[in-house]
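Peer 1: Let me begin by handing over the structure; questions about it come next.
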Amino acid sequence: MELAGTDEGARTTDVAARLGVSKASVNQAMGLLVEHGLISREKYGPVYLTEAGRDAAQAVCKRHRAIKSFLISVLGVDESVAEEDACQIEHVVSKETMTGLIDFMEREAGR
């Protein structure tokens, strides 16, 4: 979202560099994202998030923030460790657990 959510879009090379993967891997993944309607792109041009892509990216960011916040504020995990762990957890946690965690963190924030 940080790269493709801008008015200029994102270049494949920038995405590859940011993720530390090959341009070929990024191109393959982008093909799937196009098929799912999450991004739009022109050949050799920048990539843009579609509305559905922006919604999906915002949902991932919300999950990531909730997990990271929980790890830091409730479990006392170091911020750098929490960042890495949140990146891993956000992709495997069930929807039910994630909903409960977000609800919990929102209640805690309201106290």
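Peer 1: Cα axis of helix 23-35 to longest principal axis of the chain: angle in degrees, 0 to 90, nearest 10?
Peer 2: 80 degrees
Peer 1: A59 versus L75, label points 7 Å from Cα toward the beta carbon: distance in nm?
Peer 2: Each label point is offset 7 Å from its Cα along the Cβ direction, giving 2.4 nm.
Peer 1: Moving on to the next point. Identify all lysines with a Cα-Cα distance to K68 below 28 Å; exclude those on the same chain that are fewer than 8 residues away in sequence.
Peer 2: Leaving aside lysines fewer than 8 places away in the same chain, those within reach of K68 are K95.
Peer 1: Would you calculate, for the chain, the mean residue ellipticity at 222 nm contributed by helices, counting each DSSP H stretch of 4 or more residues as -39,500 (n - 2.57) and dividing by all residues, to the nearest 500?
Peer 2: Computed mean residue ellipticity for the chain: -20500 deg cm²/dmol.
None of the figures in this text is laboratory data; all of them are computed from the coordinates on show. Given the structure is predicted, the values throughout are model-derived calculations rather than measurements. In this analysis, Cβ positions are derived from the backbone assuming ideal geometry, glycine residues included, and neighbour counts consider all displayed protein chains.
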